[in-house]
Amino acid sequence: MGMTQHADPAVTTPPAPGPKETDGRTAERPLALRLLARPEVGVFLGAVAVLVFFLITAPPVRDGGSMANILYQSSTIGIMALPVALLMIGGEFDLSSGVAVITSALTASMVSYQLTMNVWVGVIVALIVSLAVGFFNGWMLVKTGLPSFLVTLGTFLILQGANLAITKWVTDNVATDDISDMDGFGQAKDLFASSFEVGGVQIKITIVWWLVFAALATWVLLRTKYGNWIFAVGGNKESARAVGVPVTFTKISLFMLVGFGAWFVGMHQLFSFNTVQSGEGVGQELIYIAAAVIGGCLLTGGYGSAIGPVFGAFMFGMVQQGIVYAGWNPDWFKAFLGVMLLGATLINLWVRQTATRR
């Protein structure tokens, strides 16, 4: 019987895997570029630089009380900069936000004092007025199609004139009467303008509210459907409408959020100083917008964060008080702000271009 030989099948060894081929569309970007893509990273680095600068040049800044004062100044800007930033992400901005703060404070003060009512009645009426101003801005915008610049410029002029004229008509003065001895004043002051001690340093309650509002705004932007709507209407409102985003509701509600912020800051001013000067507030709208822009928001909409304006407001507060603590001429403050605004805008532009470069 013959023997048949069977050849073993050849075993083919697969080649060692080489480096995975990728192209510019699929390659994962380095961590540094992904961090730079975040709108708040540039302003965070800028805020750190400004802080270090004044820690070196202005020794009083190193004191706990001085830092608490800087944070307080930042909070009064930052509380309003948050809704202004959300509005800018939504593709609009509000030139009436500065005088709207004074409108809310004047309303609460005069309703309470002239009608001899509990100050909480004035606070609630002021809230209704502030939300109504925001609703009017948003409604005019969506119904007429006019740019928000024109709509809110008109509102700015209306409120500026009304603040002065109505205050003079009601009080025969350019300022409201002192309401510190009226019912409910103490409780309202506790909510809007109190302070507490931490390690021997007095901390204003507005700092806490500022951080709470910032956390809430961040959650809304990143974790809710409404946050997606804000980015969508800011990027392209017609495309957003085509996929079912309620553009009208989103735009109007964003303006009403600015009204809420104006009400809150107005109540803080009223219960901090017991009276309100009717001519104040002019120019503050530019500070709020600048804090949002420095914080990484674009005037064209669709891009930004809530954390960025926190650092932007901190930079404003740091410069405003740091100049004083350094013993420099405070007249330079606005010049510093202009340099900061231009510098931050250029840095944000570079950051976005670097982060998106393949």
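Listing for the model above:
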{"quantity": "Residue match in segment 77-86 (condition: more than 16 Å from the chain's Cα centre (by Cα) and among the aliphatic types (A, V, I, L, M))", "calculated": "no"}
{"quantity": "Residue within segment 290-312 that is of a type in the set (A, V, I, L, M, F, W, C) and over 18 Å from the mean Cα position of the chain (by Cα) present", "calculated": "no"}
{"quantity": "Qualifying position, being at pLDDT below 90, hydrophobic (A, V, I, L, M, F, W, C) and closer than 29 Å to Val174 by Cα, among Phe255, Phe316, Phe273", "calculated": "Phe316"}
{"quantity": "Filter pass, Leu342 being assigned to a helix (DSSP H, G or I), out of contact with any Cys (no Cβ under 7 Å at 6 or more places or on another chain) and either closer than 23 Å to Trp210 by Cβ or hydroxyl-bearing (Ser, Thr, Tyr) (or both)", "calculated": "no"}
{"quantity": "Close pairs (9 angstrom Cβ cut-off, 6 or more residues apart or separate chains): surrounded by 10 or more Cβ atoms within 10 Å (Cβ to Cβ) in segment 188-202, among the basic types (Lys, Arg) anywhere", "calculated": "Ala193/Lys204; Ser194/Lys204; Ser195/Lys204; Phe196/Lys204"}
{"quantity": "Breaking point among (1) of a type outside the set (Gly, Ala, Ser); (2) at pLDDT 95 or above; (3) open to solvent by 60 Å² or more (accessible area, probe 1.4 Å), for Lys143", "calculated": "(2)"}
{"quantity": "Val174 being over 28 Å from Leu87 (Cα atoms), touching a residue at least 60 places away in the same chain (Cβ under 8 Å) and of a type in the set (A, V, I, L, M)", "calculated": "yes"}
{"quantity": "Every pair of residues 6+ apart whose Cβ atoms lie under 7 Å, when the first sits in segment 203-229 and is small (Gly, Ala, Ser) while the second is open to solvent by less than 50 Å² (accessible area, probe 1.4 Å)", "calculated": "Ala214/Leu82; Ala214/Ala306; Ala214/Val310; Ala217/Leu82; Ala217/Leu86; Ala217/Ala306; Gly227/Val220; Gly227/Leu221"}
{"quantity": "Residues located in segment 29-62, provided they are modelled with pLDDT of 85 or more, surrounded by 15 or more Cβ atoms within 10 Å (Cβ to Cβ) and over 17 Å from Phe316 (Cα atoms)", "calculated": "Pro60"}
{"quantity": "Criterion (more than 28 Å from Thr116 (Cβ to Cβ), crowded, with 16+ Cβ neighbours inside 10 Å and aromatic (Phe, Trp, Tyr)) met by exactly one of Phe213, Phe185", "calculated": "Phe213"}
{"quantity": "Residue count, segment 228-282 (criterion: open to solvent by 50 Å² or more (accessible area, probe 1.4 Å), within 21 Å of Gly122 (Cβ to Cβ) and of a type in the set (Phe, Trp, Tyr))", "calculated": "2"}
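Table: residues versus (1) within 18 Å of Trp263 (Cβ to Cβ); (2) open to solvent by 50 Å² or more (accessible area, probe 1.4 Å); (3) within 27 Å of the chain's Cα centre (by Cα).
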{"site": "Val111", "(1), (2), (3)": "yes, no, no"}
{"site": "Val119", "(1), (2), (3)": "yes, no, no"}
{"site": "Ala132", "(1), (2), (3)": "yes, yes, yes"}
{"site": "Thr167", "(1), (2), (3)": "yes, no, no"}
{"site": "Val174", "(1), (2), (3)": "no, yes, no"}
{"site": "Asp181", "(1), (2), (3)": "no, yes, no"}
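The values are calculated or read from the model by the stated rules, or taken from the named source; none is laboratory data. Here the structure is a predicted model, which means the values were calculated and not measured. Positions of Cβ are generated from backbone atoms using ideal geometry, with glycine treated the same way; all protein chains shown enter the neighbour counts. SASA here: full protein model, heavy atoms, side chains in, ligands and nucleic acids out. Shrake-Rupley method; radii C 1.70, N 1.55, O 1.52, S 1.80 Å.
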